[in-house]
1. Could you provide, to the nearest whole Å², the per residue accessible area of the chain with probe 1.4 Å?
2. Given a 1.4 Å probe and every protein chain left where it sits, what share in percent of the accessible area of the chain is carbon and sulfur?
3. Using a Gaussian network for the chain with springs between C-alpha atoms less than 10 Å apart, which of these wobbles most: 356, 287, 310?
4. Tell me which lysines have Cα within less than 28 Å of residue 105's Cα, excluding those fewer than 8 residues away on the same chain?
5. Between residue 306 and residue 326, what's the calculated FRET efficiency when r is the beta-carbon distance and R0 is 35 Å? Round to 0.05.
6. Which of the peptides 107-114, 362-369, 191-198, 219-226 is most tightly packed, and how do the rest follow, going by the mean number of other Cβ atoms within 10 Å of each residue?
7. What distance in nm separates the simple spin-label points at residue 249 and residue 188, each placed 7 Å from Cα in the Cβ direction?
8. Show that you can apply the helix-only estimate: for the chain, add -39,500 (n - 2.57) for every DSSP H stretch of four or more residues, divide by all residues, and state [θ] at 222 nm to the nearest 500.
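The values are calculated or read from the model by the stated rules, or taken from the named source; none is laboratory data. As the structure is a prediction and not an experimental result, all values here were calculated from the model. In this analysis, Cβ positions are derived from the backbone assuming ideal geometry, glycine residues included, and neighbour counts consider all displayed protein chains. Surface accessibility is based on the protein's heavy atoms, side chains included, excluding ligands, DNA and RNA. Shrake-Rupley method; radii C 1.70, N 1.55, O 1.52, S 1.80 Å.
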Amino acid sequence: MNPDDPSGVARLTGWTQDGLRPGSYLERLSVLADARARQWSDNVDISQGVGARHHVVPAFYLRLFASPSGHLLVRDRDNGTFRVQSFKDLAIRDFYTVINNDGEKDASMEQVLCMIENQTAELFQRLLSPFRAAVPLTVDERMTLATFMAMQNVRGLRTRREVELLANYHVHLMHGGTKLGKKLAGLTAVPHPNEHIRLFTASEAFAGALMRRPVTRVTLDAPLLITGDEPVLVVNDDHVHHLPECFRSAKGRRIRLRKNRQAKRETRELVHIYPTKPSGVAVAEMIMLPVGPRSLLVFGPEGSDTDPHIDLAGQDAVDAAEEVNRLVIDQAYSWIAAHVDHDSVRTCPLPPVGPIVNICDGGTRLSRELQAAPSPRMPRILGRS
């Protein structure tokens, strides 16, 4: 057995420690993903975790930033207030509980997430050890890390609220001008929380894109980093690509539709929908994850030659931390958090909370309503409005 590949992943999939041999990357990724999925599903009890408090940001991860007593300095992203709180209390009851096809409450997703977290916690313990050599991650380690970050990218409050806002927009847009639309006026269409959980399958593509990138572990000489409820930081300043239709006014769209109808041409109109949080992991400049006040994992550009471990000290460490912390604050949805001694979190400026989804549809009332911070902020949770 290869000591660098104890699970036999490289043999099974054709991966090597430094990358991939020529062949179908997605097929090999699917083999490994399917094997892990079978392992997780074989150990799931749907009733376990129902009624429990679920962490949208894993408890083991928050513990990395907490004081010895387990407390964090938590600041509200919306109103700027702060509090000292145990990492155990940053959880929401039944957030990942769904209703399955048999009509039963099912918390199996929470258990799957816990299995992913347990594997990642073991990996972080090795990565953050001062005795770890400056060597590249093995394929199995990269897969564990990529899976964790991919899930974390979609499992939070922000994604569920995006699902809700888009569902409401879709329902009102499709029935606008109809009798049903008039009955729906003033009402909000809210999808079942199950719809958010369905999106978790989209994390496979995110994990695949991460697997093709080199990973660098950055260590700072001082505890300068913070985190938030959206800790996976996608750095992509060019993630929004508008279409020609985006610049057409509502009046212009109506004129075009009328002319198309008269000419018996296609009468569909394109609507451009995009999140305000940077996306596009396949083309992003880098993807980062703070893993404690002194440590940062950076997925660099695909094909780049990067060091597996970098130490930053003095002003270099301060500059890097300031940039990372700015991204944490910008991308946080509900809160940011840091060690209780990280006093700057209490006073650091917070930019205004804006929309989380933008829509270019010519400027309808529905799209204009989305141009502000979502109200309410909290999404729907099973059994609660």
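1. That works out to 51 Å² per residue.
2. Carbon plus sulfur share of accessible area: 54 percent.
3. Judging by the Gaussian network model, the answer is 310.
4. Cα-Cα hits under 28 Å: 88.
5. Computed FRET efficiency for residue 306 and residue 326 comes out at 0.95.
6. So the peptides 107-114, 362-369, 191-198, 219-226, ranked by packing, come out 107-114, 219-226, 191-198, 362-369.
7. 3.2 nm
8. So the helix-based figure for the chain works out to -11000 deg cm²/dmol.
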